[in-house]
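The values are calculated or read from the model by the stated rules, or taken from the named source; none is laboratory data. In this text the structure is predicted, and so the values were computed from the model without any measurement. In this analysis, Cβ positions are derived from the backbone assuming ideal geometry, glycine residues included, and neighbour counts consider all displayed protein chains. With ligands, DNA and RNA removed, areas are computed over all heavy atoms of the protein, side chains included. Shrake-Rupley method; radii C 1.70, N 1.55, O 1.52, S 1.80 Å.
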Amino acid sequence: MAGLLTSLRSQPPSSAASQQSFTAKLILLLTLLLISLALFAFFLQWRGGEVVDPISRWSPDESRKFPGMDSSPLSTVEHDSSRSSDCSTLFGQSSGATFPYLRDSKFNFDADLKPKICITTSTSAGLDQILPWMFYHKVIGVSKFFLFVEGKAASPSVSKVLQSIPGVKVIFRTKELEQRQANSRIWNETWLSIFFYKPCNYELFVKQSLNMEMAIVMAREAGMEWILHLDTDELIHPAGAREYSLRRLLLDVPRNVDIVIFPNYESSVERDDIKDPFMEVSMFKKNFDHLPKDTYFGLYKESTRSNPNYFLTYGNGKAAARIQDHLRPNGAHRWHNYMKTPNEIKFDEAAVLHFTYAKFSDLTSRRDRCGCKPTKEDVKRCFMLDFDRAAFIIASTATEEEMLNWYREHVVWTDQTLNLKLLRKGILTRIYAPMTIIQELRASGIFASIIASAEGLSESKDKSLASTNISNSSLADVQSRKMGRDFSEAKARKVLEATHTFQEFAVPPLSPPAMDDEL
């Protein structure tokens, strides 16, 4: 009995020791598990070492390069402070990592990319607007630009920068150019004649059409396959393609299609102090063609906000044409063909983003370009659209404070409740891709690099001759190309007379459907 009692007394210390041993083993097991996990993670990282990170593989110096600059003299430009200028300060540059998509896109201007796309424009804008516009479109696949310049865009400080960019042809509006265009084919035809000899917007519309006619010749000589006419306040938004690429979008167009139409979306600014619309505007009003009919007309009054129309300016979009025989412009918004009715399609998702009246200063800049009287009758001579007429009268007669109040009431979207409602209904939409691309272009330093490079070029070069680079044969071909080489002038006139009844007038900027149209 005494032995049993002794055994029972010694049991608790043994149990405690056993519990301590179990705890130690558990801690050891957890420690080994953590070490194993760490070794496994290290092994995975080591095995993945052959995968090159798209950001880390670029040095700070390389981050300033833009795709395609490897084969360009721009890649050797030194960015020292002694060569900076007022122009270059418009565009900041960063040595930090930038958008990988831009780096991985090898922008070789001579590469055999299909299809080859060009844009023609008539502009008087400055570098702060033209460079972001141009390089955004380079990123999404545009190869060539034909810039018909006047005003600020034709100034030496701006034009020499534009001329230094690969794939860009600058054409100045000289008396020689005007004389040649006065003898061009479309000047002597009826479909554009109703716009002749009128000021302001009508005059611009005719200039654009004449420039488009000449651009077709240059595009064919350059081996282009598609041509677009865009203003420098418009960006193509290639939604619906398998990648964010205009090249991919047009590559998927059936071969029997001659013309594709991009419905336009209109910028809807939310502040009255916008300075850089491409970087600050993300809200757009969608086109009638991209909305259900019931939604469009059901919310028409709320969407117009007492303005004359659903859009402030035009609503009939812009078009791209497949370059082929007999192609001609049909006004700034469309293309046509002398020998057939073109086969057109309209994109269901892709659009052209129109940044119209996005800055308060746009009110006065439009006023300063036009010498019409600010009366309801006279503005009809000068402007095609109702809102442009109203804006011109306000800018010509009101004080600065009155103009700002009018701008806030008619242009700026300050009612957040209404904005949210129209966003939910699909009338308004947010689009960030262009803003992101342009932001990364700016961060890459490409704009400052181009300006610095252009300033370093020799002033002794005759760039005016190099920029136009229009051969006598191509200029003469403006009048004859659409009828083909085998047609004599007499035969061409007969064909024109025979097909005259099928020719429509040029398509002007048109407002979207109104409530009256529905009724």
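Residues checked against (1) open to solvent by 40 Å² or more (accessible area, probe 1.4 Å); (2) β-branched (Val, Ile, Thr); (3) part of a loop (DSSP other than H, G, I, E, B):
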| position | (1), (2), (3) |
| --- | --- |
| Met339 | yes, no, yes |
| Pro342 | no, no, yes |
| Asp348 | yes, no, yes |
| Ala358 | no, no, yes |
| Leu363 | no, no, no |
| Ser396 | yes, no, no |
Legend entry - Test: Gly126 is without any contact (Cβ under 8 Å) to a residue 60 or more places away in the chain, out of contact with any Cys (no Cβ under 7 Å at 6 or more places or on another chain), of a type in the set (Gly, Ala, Ser) and open to solvent by less than 10 Å² (accessible area, probe 1.4 Å): yes
If you go through Glu176, Glu203, the only one that is open to solvent by 40 Å² or more (accessible area, probe 1.4 Å), under 28 Å from Ala391 (Cβ atoms) and of a type in the set (Asp, Glu) is Glu203
Note on region 140-164: residues touching a Phe, Trp or Tyr at 6+ places or on another chain (Cβ under 8 Å) and among the β-branched types (Val, Ile, Thr) are Ile140, Val149
Going through region 424-461 in order, the residues found to be farther than 22 Å from Leu127 by Cβ and at pLDDT below 95 are Ser460
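Scan region 259-276 and give yes if some residue there is among the small types (Gly, Ala, Ser) and buried (at least 17 other Cβ atoms within 10 Å of the Cβ), otherwise no.
Step one: list which residues in region 259-276 are among the small types (Gly, Ala, Ser), which gives 267-268.
Remaining after also requiring buried (at least 17 other Cβ atoms within 10 Å of the Cβ): 267-268.
Yes: region 259-276 contains one or more residues that are among the small types (Gly, Ala, Ser) and buried (at least 17 other Cβ atoms within 10 Å of the Cβ).
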Tell me, please, whether a residue that is touching a residue at least 60 places away in the same chain (Cβ under 8 Å), out of contact with any Pro (no Cβ under 6 Å at 6 or more places or on another chain) and aromatic (Phe, Trp, Tyr) can be found in region 220-238.
no
Expected single match for closer than 23 Å to Met218 by Cα and within 22 Å of the chain's Cα centre (by Cα) among Arg255, Arg334, Arg242 is Arg334
Within region 383-392, residues part of a helix (DSSP H, G or I) and crowded, with 18+ Cβ neighbours inside 10 Å come out as Phe387, Asp388, Arg389, Ala390, Ala391, Phe392
In region 406-422, residues that are surrounded by 14 or more Cβ atoms within 10 Å (Cβ to Cβ) and in a helix (DSSP H, G or I) total 8
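Just checking, which of Phe284, Phe297 is surrounded by 18 or more Cβ atoms within 10 Å (Cβ to Cβ) and either modelled with pLDDT under 95 or more than 25 Å from Gln129 (Cβ to Cβ) (or both)?
Working: Phe284 fails: either modelled with pLDDT under 95 or more than 25 Å from Gln129 (Cβ to Cβ) (or both).
Phe297 is the lone residue from the list that is surrounded by 18 or more Cβ atoms within 10 Å (Cβ to Cβ) and either modelled with pLDDT under 95 or more than 25 Å from Gln129 (Cβ to Cβ) (or both).
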Of the residues in region 164-179, those that are more than 16 Å from Thr120 (Cβ to Cβ) and either touching a residue at least 40 places away in the same chain (Cβ under 8 Å) or assigned to a helix (DSSP H, G or I) (or both) come to Ser164, Pro166, Lys175, Glu176, Glu178, Gln179
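Conditions tested, residue by residue: (1) in contact with a Ser or Thr (Cβ under 6 Å, 6 or more places away or on another chain); (2) more than 22 Å from Lys301 (Cβ to Cβ); (3) not basic (Lys, Arg).
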| site | (1), (2), (3) |
| --- | --- |
| Pro374 | yes, yes, yes |
| Lys380 | no, yes, no |
| Thr397 | no, yes, yes |
| Glu400 | no, yes, yes |
| Arg424 | no, no, no |
